[in-house]
Each structure stands twice: as structure tokens, then as C-alpha cells.
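The block underneath contains the structure these notes are about, expressed in C-alpha cells.
The values are calculated or read from the model by the stated rules, or taken from the named source; none is laboratory data. A quick note: this is a predicted structure, and the numbers were derived from the prediction, not measured. Every residue, glycine as well, gets a Cβ built from its backbone with ideal geometry; the counts of neighbours run over all protein chains shown.
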Amino acid sequence: MASSRWWLYVQAIFWRFLMRLGMIFHHIPHPRPPSPTFSRSFPSGSSKVVLRFYCPPNYSRNRKEGRRLPVLVNFHGGGFTLGAPTDDARWAQAVLTEVGAVVVSVGYRRAPEHPFPAAVDDGVQTLHYLAEHAGELGLDVSRVALSGFSAGGNLAVTVPLRLRDLLVQASHERWLSRAESTSQLIAGTASDLHIVAIFSWYPILDFDEPRDHRRAMSIMPDKTLPEFFTNLFDQSYLPDLEERLSPHASPVHATDEALREGLPHDIFFYFCEWDMLLNEGQRFVRRLLELNKHVRGMMIEKACHAWDKSPNPFRDTTEVNNHYKDACAAMKAIFGDP
């Protein structure tokens, strides 16, 4: 039975508070992750989107000398309901150290206050903002990668699909809705923007498949996310069951043409062996390979969903660091010389 929007909001506030506490403990182990270098924001609906910029040490000098750095746009996790753009500071730290790119972590609007398609639209608007302000921000938007964790991993895939469809709509001059008005904004700067890679960590890719079935089909059902979390996330973000079939929510339902045109050639997925999302992820990898995408699907053994976000301050971070470095090595090779 679906919960009321009011009750979903109360639950979201409670779990947001606990997640903030958990992330404080998550950031305790040394080396401590960096704080954002600076922030920018832009209005979106009745709210705003906050962008947290993490910049390498040479950023200011390069910016003054007119040299632009590649950029990684990152989307945090939390079921589209919880989380904050600073949650992935350790991932940002790895990218700064190993790649030398600017990391922009997106504070998209969260559900249940802002259900689908708010988050994915905010991702598209973020790309527009970065392209429009690339000169003053010192960004090379011809070298953009997208990354995300869990819900953010979904956005790393759905945002470029949404962008592609908006551009197709713009080309047909059919600006009839709020979403299509976004296409007018993006069309002027899209020619400068080039998404070269996606790094998606344990994403949800199909909201239409029942959670109970996914939980039952997983290797370790008792290690998957509990039902009270998945119900909160799904009902908050996608209360309209028909919208769960949208390719901008569930990319597995995108056409081959949309996947071929909307997604970059290089795509990297990192799945957790004990996650209920593993099977749909592996199926999606096979489909993208059939479309001649260069896809790497890495399965992290004996790992639960969000295995890298443990609140235990005494945890061993070696495995997480190694996977982050592996992803950064691939990103650096794609970006080329900073």
C-alpha cells in the first residue's frame, strides 16, 4: 500500500539526519577527504541546485593562464531521497589525486518533495550550466565524464539519455512543456559539450521490476537493502507507476537508438555481488556490448549495496581505494593530458 506524501517526507527527514551522522563517521579515517573548494547554485523550479566543486591544486594557476581542466560531474546516492553532494568526497579525492580533473558534485532536488523527473532534469540543467560558464570556471567541457553511486549511478546513465531526447525535441521545434523548455536552454551550448565516459557504481536501472522478485533472485537476499528503505525510495521518487517505465527513470527501457546516440562509447559499471541490483546490471551490460559500446562491468565480490560508504570509522579502506584508483586510471586514459 502506498504511503502518503506527508508520511514519506517525515521518514525522509528522519533518515536524512541519520545518514548525515553516518557520513561524519565515514569521513573520519585518514587521509581525511577534502572539503569543496567552492560552490555555485542555480534556480530549479521552486528550489535550487547546489554544485560543490572539488579542484586540484593547480586549478587556480591553470584558470588564470587560460588552461582548462577536464571535469567529472558526480551524482550522490540515497535513493533520490537521502544524501548530499559531499557524501562522495573520498571519490572526489581519488579523482583529484589520480586524474587531476575538476569534480562537480550535484546537489539535485530530492524526493518526496521533488519526485521524478526533478533529479534527472537537474542533471541536464547542471550540464547546461557548466557548458555556459566553462570559460569563467576553467572547465574543458569537451572532456566531461559522469559518475554516480546507487541513485546517482542511475542519474549518470539517465541524464545523458534525457539530454539526448531533449535535443531531439528541440530539433523538431516542439517546445510544448516545461521539460521541453529545457531543450531550448541546452541547445545553444550542447555543441560544446562532449560526454566521454560514464562511471556508474551499483546503479538501479529498472524501476519496473518488483523489488520482491529482485530480492528473491539475489545471491544473498538477507544482505540486500531492507524493504522499508526500498519502499521509501520508490514511492518517494516514482509514485506514478507508469513513469517507472520511462527510459529517463529506467534506462533498460530505452530504445537501442537512444542508447546508441545518448550514451558515450566508454561506460564503466561497478556492481556488488550481494546487491539485488546485480542481475539487471549484468543484463544491461550485455545489451550495451551488443550495441558496440566499450563497456566494463566489474563485480565487487562479497559486497553489499553501498559497500564503500560504511559509517565504521575503523574499517579497512584498502579495497575501496583500489577500486577507486582502478576507475581513475581508466578515466585518466580517456581524458588524456589534463
Is the stretch 121-141 home to any residue that is small (Gly, Ala, Ser), at pLDDT 95 or above and surrounded by 24 or more Cβ atoms within 10 Å (Cβ to Cβ)?
yes
The stretch 286-318: number of residues that are at pLDDT 95 or above and part of a helix (DSSP H, G or I):
8
Being β-branched (Val, Ile, Thr) and either in a loop (DSSP other than H, G, I, E, B) or without any contact (Cβ under 8 Å) to a residue 24 or more places away in the chain (or both) is the filter; apply it to the stretch 47-96 and report the residue that is surrounded by the most Cβ atoms within 10 Å (Cβ to Cβ).
Thr81
So which residues in the stretch 110-161 are farther than 19 Å from Arg16 by Cα, in a strand (DSSP E or B) and either in contact with a Gly (Cβ under 6 Å, 6 or more places away or on another chain) or of a type in the set (Val, Ile, Thr) (or both)?
Val141, Val144
Return the pairs, sorted by first residue and then second, in which the second residue is among the small types (Gly, Ala, Ser) and buried (at least 19 other Cβ atoms within 10 Å of the Cβ), the first residue lies in the stretch 250-261 and is within 23 Å of Arg211 (Cα to Cα), the beta carbons are less than 8 Å apart, and the residues are 6+ apart or on different chains.
His253/Ser246; Ala254/Gly262
So Val103, is it touching a strand residue (DSSP E or B) at 6+ places or on another chain (Cβ under 6 Å), among the hydrophobic types (A, V, I, L, M, F, W, C) and either without any contact (Cβ under 8 Å) to a residue 60 or more places away in the chain or surrounded by 21 or more Cβ atoms within 10 Å (Cβ to Cβ) (or both)
yes
Here is a list of conditions, (1) more than 22 Å from Ser147 (Cβ to Cβ); (2) surrounded by 23 or more Cβ atoms within 10 Å (Cβ to Cβ), and Gly262 meets all of them except one; can you say which number that is?
(1)
How many residues are touching a helix residue (DSSP H, G or I) at 6+ places or on another chain (Cβ under 8 Å) and either surrounded by fewer than 16 Cβ atoms within 10 Å (Cβ to Cβ) or not in a loop (DSSP other than H, G, I, E, B) (or both) when one looks only at the stretch 232-243?
6
Do we have any residue at all in the stretch 320-334 that's assigned to a helix (DSSP H, G or I), small (Gly, Ala, Ser), within 22 Å of Gly100 (Cβ to Cβ) and free of Cβ contacts under 8 Å to residues at least 12 places away in the same chain?
yes
Exactly one of His294, His323 is within 27 Å of Val71 (Cβ to Cβ), surrounded by fewer than 17 Cβ atoms within 10 Å (Cβ to Cβ) and not small (Gly, Ala, Ser), and that residue is His294
